[in-house]
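The values are calculated or read from the model by the stated rules, or taken from the named source; none is laboratory data. Predicted model, so just to flag it, every value in this text is computed and none were measured. Neighbour counts are summed over all protein chains in view; Cβ atoms, including those assigned to glycine, are modelled from backbone coordinates with ideal geometry. For the accessible areas, the whole protein counts, side chains as well, though only heavy atoms, and no ligand, DNA or RNA atoms are used. Shrake-Rupley method; radii C 1.70, N 1.55, O 1.52, S 1.80 Å.
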Amino acid sequence: MEKTLSLIKPDAVERNLIGKIITIFESNGLVINKMKKIHIDLKFAQKFYEMHSSRPFFNDLCNYISSGPLVAIVLEGDNAIQKNRDLMGATNPSEAKEGTIRKMFAISIDKNSVHGSDSSESAKREIELFFEQD
Ligand code: CMP
């Protein structure tokens, strides 16, 4: 069984989409292992997205992800990292396939409703960041 970190981002939490998104995970064979609603501060956001620190969108990204509550979830299942990424769809919702979470719910590339770990190393690091104290 593999684990991955999913974030339901502030734009989706604000629009009351938590249940709809979790239903997609569960109905596609992913199990919720841990879950919490949390409002992260800017410092935590900068640490979480540190691999993007040289990108022009870094400041906006960190300001946005710390702008309101998000839901952090550890998803578990066979091939959970790739399965979650397939369910999310492309980072830019204008490129996301029909039926994916971002196609259905995302507003823009910034407010793209969900995040998912992109590798087993990222999953380990991201799960530890959000859940190490629990
Ligand atoms: P996420 O999967 O959370 O990882 C980094 C985020 O940066 C990404 O989703 C997007 O919301 C955001 N982002 C903003 N602009 C870009 C861009 N040009 N390329 C990739 N990600 C971007």
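Ranked by the mean number of other Cβ atoms within 10 Å per residue, highest first, peptides 71-83, 30-42, 49-61 order as 71-83, 30-42, 49-61. Over the chain, dividing the summed -39,500 (n - 2.57) contributions of all DSSP H runs of at least 4 residues by the number of residues returns a 222 nm mean residue ellipticity of -11000 deg cm²/dmol.
The stretch between residue 79 and residue 16, if pulled fully straight at 0.36 nm per residue, gains 19.9 nm over its current Cα-Cα span. Separation of region 79-134 from region 25-54 is 9 Å, based on Cα centroids.
Rolling a 1.4 Å sphere over the protein heavy atoms, what is the accessible area per residue of the chain, to the nearest Å²? Walk me through the numbers before you get to the answer.
Details: 7170 Å² over 134 residues.
For the chain, the solvent-accessible area averages 53 Å² per residue.
Here the accessible area is traced with a 1.4 Å probe on the protein chains. For the chain, carbon and sulfur cover 48 percent of it. Of the residues 88, 104, the one with the largest accessible area comes first in the ranking 104, 88, computed with a 1.4 Å probe on protein heavy atoms. Residues within the reach of a label modelled at residue 63 (point 7 angstrom out along Cα to beta-carbon, backbone nitrogen below 19 Å), restricted to region 81-110, are 107-110.
Take the alpha carbon gyration tensor of region 1-103, find the square roots of its eigenvalues, order them as a ≥ b ≥ c, and report rounded if a/c is under 1.5; if not, report prolate when a/b exceeds b/c, else oblate. Since a/c reaches 1.5 and a/b is larger than b/c, the shape of region 1-103 is classed as prolate.
Placing a label point 7 Å from the Cα of residue 108 along the Cα-to-Cβ direction, the residues of region 1-44 whose backbone N falls under 18 Å from that point are 9-15.
Dividing the mean sequence gap of close Cα pairs (under 8 Å, 6+ apart) by how many residues the chain holds gives a relative contact order of 37 percent. For residue 124, the aspartates and glutamates whose Cα comes closer than 12 Å to its Cα, not counting residues fewer than 8 places off in the same chain, are 2, 132.
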